[in-house]
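These notes are about the structure you will find just below.
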């Protein structure tokens, strides 16, 4: 019977009901899309780093957790020394530049021979390897983001014109690759690297290998790649965690305020109805329960639409920006749903108490 | 004959700004099970205040109100709610049906609030037949005429088998023909189901449908043709006859 009353009440005010559901859906979408964008960005970067194939990463002393911001200050010769260590199968140096022209991406300057030893080689889709200083190889998502660029297309990066010679499958470090020589010419940093990828003879010995390297080079930053991936999550990265918490808090406030306004207006309009129910013998708890259940129903519908909408937005973002991944996880769906329901309960609590506390005689006389 | 409802020196004062308005100034009446009584008086005589107190919607300022022997004057909100749930049925001048629900659902809400799990039974079937609204159950109030709405309201009020049915100006919003139909139905409910009914009205024509008239003026009872006046018992000895 209560369900019938709730449905009838919501149906009788279709615009208000729709707006309330949409507001809750937006609350959910705000959380899922923003968290999805940050999570997608960080975790996709981490997985590409792991996709190079090395089990260990060595970076300069005091290097940032963000590979793109690592200084290219290590001598390339260090890599040759690392390669002589026991349990080291191959080492490849990488010089890193962050391109902010016509987009934002990491560009790797690689030594092709050692890069292939560590990674097993590029997974080619079209074209072939760079030959000259103005040649680059790009991944498929980057090519798609540039209007479906093909081998032979000219592009501008790092204030220099390049020609795409090949397109590879994404997931191996950067999205754009050039030869180490070409990168060093561009940056003027001859003989320098920002990062070494180390492939081990026995990947199971990665912990001891990392420990040995740290002992050998205490001032350098040495990462187990799997630990690096774990660190590069939106909840572990300092600053990002606070950003996400702020977004969630704002979304929660929006949800509370919208539901509060909606329910407050609803109970004002339904003062007489509430008076009728009270005259029939409905208790205060009945009235409170009715309002809370109505708001809960709105929130649940909002959650459903919000989750669906988030996936639609994620698809849209990836369609327009192929290199941007929006990662919507089950855990965040649960969190966002929980926050939406909580905001509904908080928002409708005061209106429901106000409704229940109305004097039946006054409520019946309300016009 | 045993009292179903009794008031003893009932008083009700409203505070409007700095002014105290005495709506009831010592009302003592006794209603017995199965009676069909009218409380009549001009506007402002206190009859609505009396009805609200008898219906456990508000508490008196002083005095006692006994419903089936229980004094409701000192009850808290939960206790008054329980009284309304189980003992009182209301019919209002403006029908006061829930506009978003069908007639059937309006009646079902009242039974649900009382705790009844069944939406339909023989008693309800008889009521609907008596009130001639069996074929109107699927309609919403906006799809019913004034007379039909009031009959649905009556059905809602009696479907829970209340001890007392209170009707506040039940024909106030109806035309003459529908008023006559509704009043005859009250009489039939009283006759067939021994439903105790109190009609509150300012219209002297309604009085002809009732067995007893209590006249009020300026917050006091000025006349009462109680056929059992002088009966001193104020507790039920036998259960009220009810269908």
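Assorted remarks:
- Residue tally, condition within 14 Å of residue A:173 (Cα to Cα) and assigned to a loop (DSSP other than H, G, I, E, B), over region A:53-69: 4
- Within region A:156-169, tally of residues that are closer than 22 Å to residue A:100 by Cβ and over 28 Å from the mean Cα position of the chain (by Cα): 6
- The sole residue among A:90, A:46 that is assigned to a strand (DSSP E or B), more than 14 Å from chain B (Cβ to nearest Cβ) and more than 19 Å from residue A:341 (Cβ to Cβ) is A:90.
- Options B:57, B:51; residue that is within 11 Å of another protein chain (Cβ to nearest Cβ) and out of contact with any helix residue (DSSP H, G or I) (no Cβ under 7 Å at 6 or more places or on another chain): B:51
- Hits in region A:320-338 (condition: at pLDDT 90 or above and assigned to a helix (DSSP H, G or I)): A:330, A:331, A:332, A:333, A:334, A:335, A:336, A:337, A:338
- When B:68, B:35, B:22, B:79 are screened for being under 18 Å from residue A:282 (Cα atoms) and either more than 10 Å from chain A (Cβ to nearest Cβ) or at pLDDT 90 or above (or both), only B:79 passes.
- The one condition from (1) surrounded by fewer than 16 Cβ atoms within 10 Å (Cβ to Cβ); (2) under 30 Å from residue A:140 (Cα atoms); (3) in contact with a helix residue (DSSP H, G or I) (Cβ under 8 Å, 6 or more places away or on another chain) that residue A:257 does not meet is (2).
- Given (1) crowded, with 16+ Cβ neighbours inside 10 Å; (2) within 14 Å of chain B (Cβ to nearest Cβ), number of the condition residue A:310 does not satisfy: (2)
- Restricted to region A:265-291, and to residues there that are surrounded by 18 or more Cβ atoms within 10 Å (Cβ to Cβ) and more than 14 Å from chain B (Cβ to nearest Cβ), the residue that is modelled with the highest pLDDT is A:291.
- When residues of region B:106-158 are limited to those that are within 22 Å of residue A:275 (Cα to Cα) and at pLDDT below 90, the one surrounded by the fewest Cβ atoms within 10 Å (Cβ to Cβ): B:115
- The helices (runs of 4 or more DSSP H) located wholly in region A:177-246 that include 2 or more residues which are more than 28 Å from the chain's Cα centre (by Cα) occupy A:180-187, A:206-216.
- Within region A:133-154, residues that are part of a strand (DSSP E or B) have Cβ atoms under 7 Å from residues that are surrounded by fewer than 16 Cβ atoms within 10 Å (Cβ to Cβ) in these pairs: A:135/A:163; A:139/A:169; A:154/A:161; A:154/A:163, counting only partners at least 6 apart in sequence or on another chain.
- Flag if residue A:296 is within 14 Å of chain B (Cβ to nearest Cβ), modelled with pLDDT of 90 or more and either closer than 22 Å to residue A:23 by Cα or not in a helix (DSSP H, G or I) (or both): no
- Here residue A:172 qualifies as buried (at least 17 other Cβ atoms within 10 Å of the Cβ), in a loop (DSSP other than H, G, I, E, B) and either under 31 Å from the mean Cα position of the chain (by Cα) or on the phi < 0 side of the Ramachandran plot (or both).
- Residues satisfying the criterion are absent from region A:11-31 (criterion: more than 14 Å from chain B (Cβ to nearest Cβ) and outside any helix (DSSP H, G or I)).
- Residue B:173 vs. criteria crowded, with 17+ Cβ neighbours inside 10 Å and either modelled with pLDDT under 95 or touching a helix residue (DSSP H, G or I) at 6+ places or on another chain (Cβ under 6 Å) (or both): no
- Sole residue being in a helix (DSSP H, G or I) and under 29 Å from residue A:104 (Cβ atoms), chosen from A:306, A:347: A:306
The values are calculated or read from the model by the stated rules, or taken from the named source; none is laboratory data. These numbers come from a predicted model, not from an experiment. All Cβ positions, even for glycine, are placed from backbone atoms using ideal geometry, and neighbour counts span all protein chains on display.
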